[in-house]
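In what follows, a structure is listed as structure tokens, so that the remarks can point back to it.
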Amino acid sequence: MTGITAGAVRTELTEVADGVFAHVQPDGGWCLNNAGLVVSGDRAALADTAATEARARTLREVVLRVAPAAPQVLVNTHFHGDHTFGNFVFPESLVVGHERTRTEMTETGLHMTGLWPDVEWGDLRLVPPALTFRDRLTLHIGEKTAELLHLGPAHTSNDTVLWLPAERVLFTGDLVMNGVTPFCPMGSVAGSLEALDTMRALAPEVVVPGHGPVAGPGVFDETEGYLRLLQDLAEQGLAESLDPVELARRTDLGEYARWLDAERLVPNLFRAYAEKQGEPRGSHVDMSELFARMIDYHGGLPTCHA
């Protein structure tokens, strides 16, 4: 493991298989996402970037310490800004993503910066994927092969995992978070459960989540437990005609209360309610309204350390 500090930015780079690295930003809470690097010979590919200009430039510095050159390919696992805003600091890279990643990045723009106006975002420039795919795509990175699989709607409508079958390493994006509360109001609770089944079937040995420490396949079971709880709570709340926020206030999260960003229970319940009422997976929600309801439940704006 290697670490680097640039100003207030602290990150960790761990080699999880030969030439395969996890770039982890502790503690993994709001906007502190992970990235991945695959190196083979004179070729390299990067999975995701970072939320702010400073963090993205730190990522570039870390990458260039172990890669022979800037990555030729940059994969975005989904459209959220913490995974994509830093694309512009890798101008040499071809940005690749699901077709809806490009669409939603373009439609959403830099909206995330308005949620936390006190964060030093830097001079961000949006760079959406130039190459898109619908279901799956194979990348050849030197002697290594990576499969890009679309598993949404789940966390969002456009979730992509990067799977290295020879190395048994899976980069999940935000379909999985380790020690951090899942977030699926823009996607689907049921779809997230199906995505977990698909990822389990790959039989990875190393799982690099979208947020939180590198894990093993046991993280799938932990994530499933929380998602099943959401479905049970939604059924209870609808039966008792409880508003999702009211239900959240009555809920004891038990073992999941220790996870970061527990306030995500509120927007997650809105999605779980909608699915129980027959709404299609990934249907539009007013995230500004859900974010406001979450802030009300939380008693203030959630902390973002980006």
Name the long-range amide H neighbours of residue 11: under 5 Å, sequence gap of 5 or more, or other chain; modelled H, no Pro or chain starts.
-> 4
Mean ellipticity per residue at 222 nm, deg cm²/dmol - from DSSP H runs of n ≥ 4 across the chain, formula -39500 (n - 2.57) | -10000 deg cm²/dmol
Computed ³J(HN,Hα) along region 51-59: with the Karplus parameters 6.51/-1.76/1.60, θ = phi - 60°, integer Hz and x for glycine or proline, the list is 7, 10, 4, 4, 5, 5, 5, 5, 4
Largest-first principal axis extents of the Cα set of region 255-306 (Å) | 34, 27, 20
Which whole-Hz couplings ³J(HN,Hα) result when phi for each residue of region 210-220 is put into the Karplus expression 6.51 cos²θ - 1.76 cosθ + 1.60, θ = phi - 60°, listed in order with x for Gly and Pro?
-> x, 9, x, x, 4, 9, x, x, x, 5, 5
Separation of the residue 140 and residue 202 label points, Cα + 7 Å toward Cβ, nm = 2.1
In debye to the nearest 20, how big a dipole does region 13-226 give about its Cα centre with +1 on each Lys and Arg Cβ and -1 on each Asp and Glu Cβ?
-> 420
Amide H proximity to residue 74 below 5 Å, modelled H, separation 5+ or other chain, gives 46, 94, 95, 96
Kirkwood radius from Cα pairs of region 105-248 plugged into Stokes-Einstein at 25 °C, 0.890 mPa s, gives D in µm²/s equal to 144
Once you have a ≥ b ≥ c as the square roots of the Cα gyration tensor eigenvalues for region 69-120, tell me rounded if a/c is under 1.5, and otherwise prolate or oblate according to whether a/b is larger than b/c.
-> oblate
Sorted by accessible surface (1.4 Å probe, heavy atoms of the protein chains only), largest first, 198, 251 come out as 198, 251
In Å, the Kirkwood hydrodynamic radius of region 1-133 over pairs of distinct alpha carbons?
-> 14.7
For region 190-202, Karplus couplings with θ = phi - 60° (6.51, -1.76, 1.60), whole Hz, Gly/Pro x = 4, x, 5, 5, 5, 5, 4, 4, 5, 5, 4, 5, 6
Could you work out which residue, out of 54, 130, 146, moves most in a Gaussian network model of the chain, that is, has the largest mean-square fluctuation with Cα springs under 10 Å?
-> 130
Accessible area per residue in Å² at 1.4 Å probe, computed on region 66-183 | 37
What ranking do 264-273, 164-173 get when scored by the average of other Cβ atoms within 10 Å per residue, highest first?
-> 264-273, 164-173
Leaving out ligands, DNA and RNA but keeping every protein chain, what accessible area does residue 121 have, in Å² rounded to the nearest 10, with a 1.4 Å probe?
-> 20
Just from the alpha-carbon atoms, what are the Rg and Dmax of region 210-306 in angstroms?
-> 14.0, 40
Percent antiparallel among DSSP beta bridges with both residues in the chain, to the nearest 5?
-> 70
Pairs of Cα atoms under 8 Å, at least six residues apart: use those to get the relative contact order of the chain, whole percent.
-> 16
GNM flexibility winner over the chain from 42, 286, 296 (Cα, springs under 10 Å) | 286
In terms of the Cα gyration tensor, with a ≥ b ≥ c the square roots of its eigenvalues, is the chain rounded because a/c is under 1.5, prolate because a/b exceeds b/c, or oblate?
-> prolate
Counting only residues 5 or more apart in sequence or on a different chain, those whose built amide H sits under 5 Å from that of residue 141 are 146
So how exposed is residue 177, as accessible area in Å² (1.4 Å probe, rounded to 10)?
-> 10
Using Cα centres only, tell me the gap between region 106-156 and region 238-306 in whole Å.
-> 24
Take the Cα atoms of region 106-174, build their convex hull, and give its volume per residue in Å³.
-> 146
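The values are calculated or read from the model by the stated rules, or taken from the named source; none is laboratory data. Since this is a predicted model, take the numbers as computed values, not measurements. Here the Cβ is made from the backbone with ideal geometry for all residues, glycine too, and neighbour counts use every protein chain on show. Side chains included, ligands, DNA and RNA excluded: accessible areas come from the protein's heavy atoms. Shrake-Rupley method; radii C 1.70, N 1.55, O 1.52, S 1.80 Å.
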